[in-house]
Amino acid sequence: MLRRRDPATQSEGTVAGYAQTFQRFPSQPLVKRPQTRSELSGPAHLARRLGPVRGDLAGHGAKRAIGQLINIRARVVDEDGAPVPGAVVEVWHCNAAGKYIHPNDTRDAPIDPNFYGAARLVAGDSGLVELRTIKPGAYPVPDTDGWWRPPHVHFGVWGRIWLSRLVTQMFFPGEPLNEVDPILNAIRDPQARTRCIAKLMPTTKGPADALVYDYQIVVRGRSASASLP
Amino acid sequence: MSLIPTGEMTLGPFFPREFAQDANDLSLGAKGEVIEITGRITQLDGKALDNLVVEIWQADGEGRFDNPAFFGWGRAATDADGVYRFRTIKPGAIDGRAPHVNLLLLYSGLMRQLQTTMFFSAAADPVLDAVPADRRQRLIAKQEGSVYRFDIRLRGEGETPFFDD
């Protein structure tokens, strides 16, 4: 069985300053349901169906995307801290000017012809995925009272079972906009918020041309109690 | 060691379209009764939602979750009319559970994934029974031949029941 999560470590359903949450999050209490084999199982070998797509978004030479070169090293672990080998990780983010490749991003900001901000990665035995890319820019959210999103990277992760599915965002340390972002601050617990911010690794140890950020993703589930009901 | 699961956050409005393409047909090569599951997804003011991501997980026609010939997982995005579609196999009953399909929804303005379950009839089921009796009907799909219609209302009158696990 999965442990229930402490609500303080998870986003509030409705968030002041984010109007759509009041249109979309249920008004009725969420129903507590029993956990059966159905919720505690999941597709086997998901990576065979959702295989790797684009492991390098930064490119090289004349095809190099504009922006600060970064390496994201994200580790997928379960609630026991055990790595989740084979975890599928989808990553997407905007370019250095804060523009997404998505056609719905109609904001007046330049497209970078050398940047396509979407990748799918599959974790190795240590649960690690690595992505070479550029640091995304901040951007203003349309129709709001001066809300700017801090630089962030979207993550969609599958763990071992249906209920371990996780969609979240990774933030960068030292960004003043982190302090006021309604999405990051929808998590009330300060330590839980801090865990959503990647750590900058010492620049003396990494590659000469890129900043390295470490990030840990904890998906629901216990490796020590993997047996199904 | 005991770690706290990472906080969920919204999918945002710019989920890459390519990720939600070509993943909504679970029926290929599978044994069983081929059905379509479709529905329209709306928010509080009644507006239909475009590019909302729906993922499903279900048993095979005999109620098995470990059939190597049936993947059981799929993903679709709603179109401009708020409509999603899956082609799949009608799941069988298993372990005291009535036939059902698990769904999760991801979208901008949804700070957390929404979990719900679609049933084919008002059969006895521990998950359906956990829902207040006056709301259970919202989790039962409407059959039109081989098409099962399952409209989802995120918030407001006739709101779909969602689960917290």
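We did not get these values from a lab; they are worked out from the coordinates using the rules stated. Note that this is a predicted model, so its numbers are computed, not measured. Methodologically, a virtual Cβ is constructed for each residue, glycine included, from the backbone with ideal geometry; neighbour enumeration extends over all protein chains shown.
Sequence gap at least 6, Cα distance under 8 Å: using those rules, report the relative contact order of chain B to the nearest whole percent. So the answer I get is 27 percent. Each helix, a run of at least 4 DSSP H residues, gives -39500 (n - 2.57); summed and divided by the residues of chain B, these come to -500 deg cm²/dmol at 222 nm. Taking amide H as placed 1.01 Å from N in the peptide plane, B:GLY63 has its amide H under 5 Å from the amide H of B:GLY92, each at least 5 places away in sequence or on another chain. For the pair A:GLN35 and A:ARG4 in one chain, pulling the backbone fully straight at 0.36 nm per residue adds 10.1 nm over the alpha carbon distance. Specify the residue with the greatest mean-square fluctuation among A:LYS63, A:LYS32, A:LYS135, computed from a Gaussian network of chain A linking alpha-carbon atoms under 10 Å apart. The residue that fluctuates most here is A:LYS32.
Measuring how big the stretch B:86-136 is from its alpha-carbon positions, Rg and Dmax come out at 12.8, 36 Å. Computed log10 I(q)/I(0) for the stretch A:34-225 at 0.12, 0.19 Å⁻¹: -0.63, -1.41, from the Debye equation with unit scatterers placed on every C-alpha and solvent omitted. Distances between placed amide hydrogens fall under 5 Å for B:GLY39 paired with B:TYR84, B:PHE150, all partners being 5 or more residues away or on another chain.
For the stretch B:17-146, the Kirkwood estimate of the hydrodynamic radius, built from every pair of different alpha carbons, is 15.4 Å.
Between A:ALA16 and A:LYS199, the FRET efficiency estimated from the beta carbon spacing at R0 = 41 angstrom works out to 0.90. In order along the stretch B:124-132, the Karplus-derived 3J(HN,Hα) couplings, from 6.51 cos²θ - 1.76 cosθ + 1.60 at θ = phi - 60°, round to 5, 7, x, 6, 5, 5, 6, 7, x Hz, and Gly and Pro are given as x. Under the combined filter of DSSP loop state and at most 16 neighbouring Cβ atoms within 10 Å, the stretch B:1-46 retains these GluC sites (Glu not before Pro): B:GLU33. Computed from backbone phi with θ = phi - 60° and the Karplus coefficients 6.51, -1.76 and 1.60, the 3J(HN,Hα) list for the stretch A:45-50 is 6, 4, 5, 5, 8, 10 Hz; x is used for glycine and proline. Judged by the ratio a/c of the largest to the smallest principal axis of the C-alpha gyration tensor, the stretch A:43-132 counts as prolate, that ratio being 1.5 or greater while a/b is larger than b/c. Counts of other chain beta carbons within 10 angstrom of each beta carbon in peptide B:155-164 average 5. Along the stretch A:202-219 the Karplus relation, 6.51 cos²θ - 1.76 cosθ + 1.60 evaluated at θ = phi - 60°, assigns HN-Hα couplings of x, 6, 6, 9, x, x, 5, 9, 9, 7, 10, 10, 9, 8, 10, 10, 9, 9 Hz to successive residues, with x for each Gly and Pro. In this model, which of A:LYS135/A:LYS205; A:LYS32/B:LYS31; A:LYS63/A:LYS135; A:LYS99/B:LYS47 are farther than 22 Å apart at the alpha-carbon? Over 22 Å apart, Cα to Cα: A:LYS32/B:LYS31; A:LYS99/B:LYS47. Taking amide hydrogens as placed 1.01 Å from N in the peptide plane, the amide H of A:ALA96 sits under 5 Å from those of A:GLY137, each at least 5 positions away in sequence or on another chain. In plain terms, the bigger the Kirkwood radius, the slower the diffusion; for the protein assembly as shown, with that radius from Cα pairs, at 10 °C and 1.306 mPa s, Stokes-Einstein puts D at 74 µm²/s.
Over all distinct Cα-Cα pairs of the stretch A:26-93, the Kirkwood formula returns a hydrodynamic radius of 16.4 Å.
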